[in-house]
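The structure under discussion appears below in the form of structure tokens.
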């Protein structure tokens, strides 16, 4: 299957106490985060778990070897989209 973009938008990556602003792109094959100081790529088949945390400001936590936390708008919809493609990939 060809790779295609499912969602793309602004996001913040949380590393320790710092947040790095960048762009999150979700395709049917991977999740990528691009910022001036940091680039991350997570393949869908590497993701072991994904969930949402936070009471007021929601963040998506992705476990794939290590834990990644992203603050994104519409976190619930983005979470469901990732879960759908994790299931299809397994």
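Over the chain, Cα pairs under 8 Å with separation of 6+ residues give a relative contact order of 24 percent.
Could you tell me which of rounded, prolate or oblate describes region 42-90, using a ≥ b ≥ c as the square roots of the eigenvalues of the alpha-carbon gyration tensor, with rounded for a/c under 1.5 and, failing that, prolate when a/b is larger than b/c and oblate otherwise? Cα axes put region 42-90 in the oblate bin. Pairs of alpha carbons in region 5-89 separated by more than 18 Å make up 34% of all such pairs. Estimated from helical segments only, the mean residue ellipticity of the chain at 222 nm is -5500 deg cm²/dmol, where each DSSP H run of four or more residues counts as -39500 (n - 2.57).
With neighbour counts taken as other beta-carbon atoms within 10 Å, the residues 13, 81 rank, fewest first, as 81, 13.
No lab work stands behind these numbers, since they all come straight from the coordinates. None of these values were measured; they are calculated from a predicted model. Cβ atoms come from the backbone with ideal geometry, glycine included; neighbour counts cover every protein chain shown.
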